[in-house]
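Note sheet for the following structure.
The values are calculated or read from the model by the stated rules, or taken from the named source; none is laboratory data. All values reported here derive from a predicted model rather than from experimental measurement. Every residue, glycine among them, receives a Cβ derived from its backbone with ideal geometry; neighbour counts consider all protein chains shown. Calculation scope for accessible area: heavy atoms of the full protein, side chains included, ligands and nucleic acids excluded. Shrake-Rupley method; radii C 1.70, N 1.55, O 1.52, S 1.80 Å.
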Amino acid sequence: MAKNRSRLSIIPLGGVGEIGKNMTLYWYGNDMIIVDAGLKFPDEDMLGIDIVIPDITFLVENRDKIRGIFLTHGHEDHIGGLPYVLREINVPVYSTRLTLGLVEHKLREHGLNDSAKLVAIDGNSNIQIGDFTISAFYVNHSIPDTVGFAIETPEGVVIHTGDFKFDQTPVDGRQADVHKLAAWGAKGVLALVGDSTNAERPGYTPSELSVGAKIDEIIAQAPGRVIMSTFASNIHRLQLMIRAAEKYGRRVAVVGRSMVNNIQTSLQLGYLEAMPETLIDADDVNKMDPSKLVILSTGSQGEPMSALTRMARAAHRKIEIVPGDTVVLASSPIPGNEKYVARTIDQLFRAGANVIYRGVHASGHGSQEELKWMLQLVRPKYFLPVHGEFRMQRTHADLAIQLGVDPDHIFITELGDVVEFEDGRARLGGKVPAGTVMIDGLGVGDVGNIVLRDRKLLSQDGILVVVVTLSKATGHILSGPDIISRGFVYVRESEALLDEANKLVETTLAKLVSDNVSEWSSLKTAVRDALGRYLFEQTRRRPMILPIIMEA
Ligand SMILES: [Zn+2]
Ligand SMILES: [Zn+2]
């Protein structure tokens, strides 16, 4: 691709065709900026993988052009990949104060807080970088201090919404900057890059205020302790819980590391308010009158090691669920987590609690009518639906067409697609390297498809190791074969099977020796084939077979 170009490219490196690991590259001339650097949690078939981040090969190749990373808000799918990006490309990071507060915490865990350059911005900032001018605008979302970006370029302005909804009665009182959006729309917007998460959902997303009313009602009526669980980052909802607790004269204890951290950061930065006496130490919970207590806890997704799940199993160090408790799951399960959530609800009921797990939630993403509003305010010439799986992008595109956007002006992109704007016209301009990097422990990208395939095989039918020592001189067996198995059969009850397997290895090797075959690879393949066939006949299982042949 040409080096110094007078055109604008928008390149999604994450967050299209998927939910998670959001990252978009904007490129004009010699300057590149990145919006968001998220992570994604692994699919079920990515055995042993901790997290997934975008492939940043293209960024590393162009590191001399990258001027900065702009973060829309503090959710993991927007900031979780940042440490891995900064390790390769140390450029300034721009975002709002709360987002940077959460980022700082994350960078400290990765030992990067000294080297990173964090620049706080707000809804009035205009950052000039090369040919770009970037200004933030506030939107409503399920974490405070969320912004979108208006990115001015010589080709025109691009509105990047980030995650958003329009909440007319937000908990923190800060409405979305609809006037700014409308002003951009009146001036003329080249392209809108828009959140598609709830594109399939008709109507409007309810205000967080409706969740507040429900929380108030629950606390007012609960006879004993109230244990409330939500996403640790949903500061608005935690604020509603703290407010309601204070209203009914209850104290509040917080359990779960991520929730303790987020609440501390938000209190320090002024994004959360509590009266000085409201928050008490979790150690004092059992000294309190149950009717005077609210406990805020992590675990609304049924995560097996979370505070709530451990309390439900009576495995928490300080708090145990007892009859008379009211437990509220103020969230909805993320797709894939349903069975964990269901299991936790069962355990909570079994422990004697009254469990409320429906109707105490509102999404942080706008539904169809709000997406239409955004399109209407911005009136873009071109439209890129992002932040969603393919069908969500597709449905979002249909909404735009309904509102009069030219179907030829809509780009439903895949990872690495380059959408180029030149002289006011857009086209798809090829692809750059993009995809998925899996992280397992300290290894970044060292686990590939072959390792995953092996893990899958091992997890299905186990492994069999065959150890045999052959004579260097004659090729005859000196010791073994010894068969060691794990995860295949219960050895004590399968002696006959393993004896037969042993004999089979012996006869297979003997036959090869008499045929003068001595290359190890042939010997190993023959043992693996013969044994595999026999074991499948006997058990209908296909364990991984690992022959180890030694010479003496
Ligand atoms: Zn978000
Ligand atoms: Zn998101």
Plugging the Kirkwood radius over Cα pairs into Stokes-Einstein for the chain, at a temperature of 10 °C and a viscosity of 1.306 mPa s, what D comes out in µm²/s?
60 µm²/s
By how many nm would the segment from ARG350 to ASP529 lengthen if fully extended, with 0.36 nm per residue of separation less the alpha-carbon distance?
59.4 nm
9 Å beta-carbon shell around PRO547, net charge (K/R +1, D/E -1):
+2
List the pair-distance distribution P(r) of the stretch 270-414, using every Cα-Cα distance, as the percent of pairs falling in each 5 Å bin from 0 up to the bin containing the longest distance, rounded to whole percents.
2, 8, 14, 14, 11, 10, 9, 8, 8, 8, 5, 2, 0, 0
List residues of the stretch 246-282, by number, whose backbone nitrogen lies under 16 Å from a label position 7 Å along Cα→C-beta of ASP50.
258
Bridge type composition, the chain - antiparallel percent by DSSP, nearest 5:
50 percent
Let me understand the stretch 439-511 better: what is its radius of gyration from the alpha carbons, and its Dmax, in angstrom?
16.8, 47
Quick check of the Kirkwood formula: for the stretch 488-538, what is the inverse mean of 1/r over all pairs of different Cα atoms, in Å?
11.7 Å
Can you tell me the dipole magnitude for the stretch 260-330 around its Cα centre, using point charges on the Cβ only (Lys, Arg +1; Asp, Glu -1), in Debye to the nearest 20?
240 debye
Exactly which GluC sites (Glu not before Pro) in the stretch 519-552 are in a DSSP loop and have at most 11 other Cβ atoms within 10 Å?
GLU519
Heavy-atom surface of the stretch 1-91, accessible at 1.4 Å and reported per residue (Å²):
31 Å²
Yeah, the stretch 111-256 with a ≥ b ≥ c from its alpha-carbon gyration tensor (a/c under 1.5 is rounded, else prolate when a/b outruns b/c, oblate otherwise) is prolate
Could you give the accessible area per residue of the stretch 121-268, probe 1.4 Å, as a whole number in Å²?
35 Å²
Surrounding net charge for ASP325, when Lys and Arg each add one and Asp and Glu each subtract one, Cβ distance under 13 Å:
+1
Normalise the Debye intensity by I(0) for the stretch 406-552, one equal point scatterer per Cα, no solvent, then take log10 at q = 0.13 Å⁻¹ and round to two decimals.
-0.71
Of all beta bridges DSSP finds with both residues in the stretch 226-380, what is the antiparallel percent, to the nearest 5?
0 percent
Centre separation in Å (Cα based) which lies between the stretch 524-549 and the stretch 275-346
49 Å
Set of aspartates and glutamates near LYS381 by C-alpha distance (under 16 Å), chain-local residues within fewer than 8 positions excluded
GLU152, GLU155, ASP398, ASP406, ASP408, GLU420, GLU422, ASP423
Give the ranking of ARG7, ARG540, ARG391, ARG250 by solvent-accessible surface, highest area first, calculated with a 1.4 Å probe.
ARG540, ARG391, ARG7, ARG250
Within the chain, what whole-number % of the accessible surface is contributed by carbon and sulfur, with the 1.4 Å probe and all protein chains included in the calculation?
50 percent
Among the aspartates and glutamates, select those whose C-alpha is under 15 Å from the C-alpha of LYS511, and discard any that sit fewer than 8 residues away in the same chain.
GLU519, ASP529
Assigned charges on the beta-carbon of Lys, Arg, Asp, Glu; the stretch 214-256 dipole about Cα centre (debye)
60 debye
List the pairs from LYS180/LYS372; LYS65/LYS165; LYS21/LYS214 whose alpha-carbon separation is above 25 Å, in the order I gave them.
LYS65/LYS165; LYS21/LYS214
Calculate the spin-label point distance for PHE536 paired with LYS503, positioning each point 7 Å from the Cα along the beta-carbon direction, and give it in nanometres.
2.3 nm
What is the sum of charges around ASP289, taking Lys and Arg as +1, Asp and Glu as -1, for the other residues whose C-beta is under 13 Å from the C-beta of ASP289?
+4
List the extent of the Cα atoms of the stretch 24-77 along each of their three principal axes, largest first, rounded to whole Å.
41, 25, 12
With unit charges on the beta carbon (Lys/Arg positive, Asp/Glu negative), name the residue among THR395, PHE411, GLY430 whose Cα is farthest towards the positive pole of the charge dipole of the stretch 384-430.
THR395
Which percent of Cα pairs goes in each bin when the distances of the stretch 1-94 are cut into 10 angstrom slices starting at zero?
17, 49, 26, 7, 1
Translational diffusion of the stretch 358-452, µm² s⁻¹ [Kirkwood Rh, Cα pairs; Stokes-Einstein; 20 °C; 1.002 mPa s]
132 µm²/s
Report, in cubic angstrom per residue, the convex hull volume of the C-alpha atoms of the stretch 87-158.
106 Å³
